[in-house]
Amino acid sequence: MKVQDLSKKFKRYPRNWMRLLEWASGEWYKGHNEFWALRGISFEVEPGEALGIVGQNGAGKSTLLKIITGTTIPSQGKVRLRGRVAAILELGMGFHPEFTGRENAVVGLQILGLNTTEISEALPKLTRFSELEGFMDQPLRTYSSGMHVRLAFSVATAVRPEVLIVDEALSVGDIYFQHKSMKRIREFSERGTTLLFVSHDPGAVKTLCNRAILLDQGIKIREGSPDSVLDYYNAMIAKREKDAEIRQIEAKGGRLETRSGDGQANIVSVEMTDESGNPTRAFRVRDRARIVCQIECQKAMENPTIGFSIRDRLGNEIFGTNTFHLNLLGTSTAKKGDTVRVIFETEINLGCGNYSLSVAVHAGRVHLEGNYDWWDQVLVFQVIPGDQYSFVGTTFLPVHGKWD
């Protein structure tokens, strides 16, 4: 199976009448916003290989699988498949709630391409595997979610497919049936079935899959062994959770701020971002970071100095610098009402822990020479482990060792 440069774009209309107007104008009027669920996804999976697909909700996993199964058309790119494809996507997808379990099973087997004779032979085996003998003639709407999974998996695997796609559905079933399903999946892989497996369960991905890819906001950002991909994924999740946690504290006014200065210039805003410009409050050790400061001048002045300082959780000053020491001369003359912006770029070579950022605008070398605005603890951020070696302390130093 080969996926080549796969992209999917959706149109989102703020109002329904905008869709009609766009259609009536021959798309001369653009009433939609574009949303790319997938961008440039490429990978290959060999027969008998199991590929895990991981990522947060909204990363594009389900859209990718729907394109592969043919239920959604890609905007760009190609998918090349050989042989029968069986898929378990959204729970109960393709089943009718008013049909009995048996009737839904027959329809499902027909969709898989089985003829009447093959269906008659497969139904008894399917029923035994699902262990739904007493419920096969009951309407599907009376089934629990676990029974849905039993029926869907049993139908999809009644005949060994060349490609089997499982999207998180097995997590709904009971432990006993999960073990039973995993065993069948392994047997199929040994016989040459290609598996695409989406799950938030790292244990299942590591057990079943030879390789994994990580999707984030529709882009493939990692590919490799399940261990390496999941370690990166877990670090990414931890970073985002810490970011959200710190932002919640900020929103509740949970930090102590102190400001001083004569007001000749004011700090309008301070933001920390990653190297792509996305605001964040959590960084991994050795991540690239930006500190973006916006200053408004209340009177004319020449070359105001803008600086920042980082303190640890105990208030110890870890690092500080400013535009004067960096020999960054701004505009020679700032007029009253002018707004200037300074971006500091750095690498977070800090130990894991909590830190605060203070920003100042002043004259000369240090803020004691002419303090216009000093904003203490303007924001807080956290540093979490990265993929470097383990260490202790407040600073990360690159170390190379050798036996002599």
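Taken together, the values in this text are just the output of simple stated rules run on the coordinates, not laboratory data. Predicted model only: the values in this text are computed from it and were never measured. Heads up, the Cβs are rebuilt from the backbone with ideal geometry, glycines too, and the neighbour counts pull from every protein chain shown.
Charges at C-beta only: +1 for Lys and Arg, -1 for Asp and Glu. How large is the resulting dipole of the stretch 2-235 about its Cα centre, in Debye rounded to 20? Walk me through the numbers on the way to the answer.
On the way: 30 positive and 26 negative charges, 112 e Å.
It comes to approximately 540 debye.
For the chain, give the share of DSSP beta bridges that are antiparallel, in percent and rounded to the nearest 5; count only bridges with both residues there.
75
Looking at 354, 340, 283, which one has the Cα that reaches farthest to the positive end of the dipole of the stretch 260-384 (charges on Cβ: Lys, Arg +1; Asp, Glu -1)?
283
Can you tally the net charge around residue 78? Count Lys and Arg as +1, Asp and Glu as -1, for every other residue whose Cβ sits under 14 Å from the Cβ of residue 78.
Details: positive: 2, 8, 80, 82; negative: 5, 44.
Here the count lands on +2.
Sequence gap at least 6, Cα distance under 8 Å: using those rules, report the relative contact order of the chain to the nearest whole percent.
Details: 785 pairs, mean separation 57.9, N = 404.
Dividing the mean separation by the residue count of the chain yields 14 percent.
Only Lys, Arg, Asp and Glu count, each charged at its Cβ (+1, +1, -1, -1), so figure out the dipole size of the stretch 1-136 about its Cα centre, rounded to 20 debye.
On the way: 18 positive and 14 negative charges, 136 e Å.
With only Lys, Arg, Asp and Glu charged at Cβ, the dipole is about 660 debye.
Could you list, in their original order, any pairs among 2/239; 8/206; 9/183; 239/299; 239/335 whose Cα atoms are separated by more than 30 Å? Kindly include the intermediate steps, with their values, before the conclusion.
Numbers: 2/239 33 Å; 8/206 28 Å; 9/183 37 Å; 239/299 41 Å; 239/335 41 Å.
2/239; 9/183; 239/299; 239/335, as the Cα separations exceed 30 Å there.
With each label point set 7 Å from Cα along the Cα-Cβ vector, what nm distance links residue 240 and residue 343?
2.4
What is the order of 66, 402, 206, fewest Cβ neighbours within 10 Å to most?
On the way: 66 21, 402 4, 206 15.
By the 10 Å Cβ count, ascending, the order reads 402, 206, 66.
Given 41, 185, 14, which one lies farthest toward the positive end of the charge dipole of the stretch 2-235, if we put +1 on the Cβ of every Lys and Arg and -1 on the Cβ of every Asp and Glu?
Looking along the dipole axis, the top candidate is 14.
Only counting other Cβ atoms within 10 Å, I'd like 153, 188 sorted with the fewest neighbours first. Before the final figure, lay out each step's value.
Details: 153 26, 188 20.
Listing 153, 188 from fewest to most nearby Cβ atoms yields 188, 153.
In debye, nearest 20: dipole of the chain around its Cα centre with unit charges on the Cβ of K, R (+) and D, E (-)?
On the way: 50 positive and 48 negative charges, 151 e Å.
So the dipole magnitude of the chain works out to roughly 720 debye.
Of 215, 175, 63, which is farthest towards the positive pole of the chain's charge dipole, taken about the Cα centre with +1 and -1 on the beta-carbons of Lys, Arg and Asp, Glu respectively?
The listed residue farthest towards the positive side: 63.
How much length is gained if the chain between residue 145 and residue 19 is pulled fully straight, taking 0.36 nm per residue apart and subtracting their Cα-Cα distance, in nm to one decimal?
Details: separation 126, 0.36 × 126 = 45.36 nm, distance 3.63 nm.
Computed gain between residue 145 and residue 19 is 41.7 nm.
Around residue 43, under 10 Å between beta carbons, what's the net of Lys plus Arg minus Asp minus Glu among the other residues?
On the way: positive: 2, 211, 220; negative: 44, 223.
Once positives and negatives cancel, what remains is +1.
Helix-derived [θ] at 222 nm for the chain: sum -39500 (n - 2.57) over DSSP H runs of at least 4, divide by residue count, nearest 500? Can you show the working numbers first?
Working: 8 runs with 105 residues, N = 404.
So the calculated ellipticity at 222 nm is -8500 deg cm²/dmol.
Which entry in [x] 24.5, 71; [y] 31.4, 92; [z] 28.8, 92 matches Rg and Dmax of the Cα atoms in Å derived from the coordinates of this structure?
[z]
How would you rank 373, 312, 137, going from fewest to most other Cβ atoms within 10 Å of each one's own Cβ?
Numbers: 373 24, 312 15, 137 11.
In order of increasing Cβ crowding within 10 Å: 137, 312, 373.
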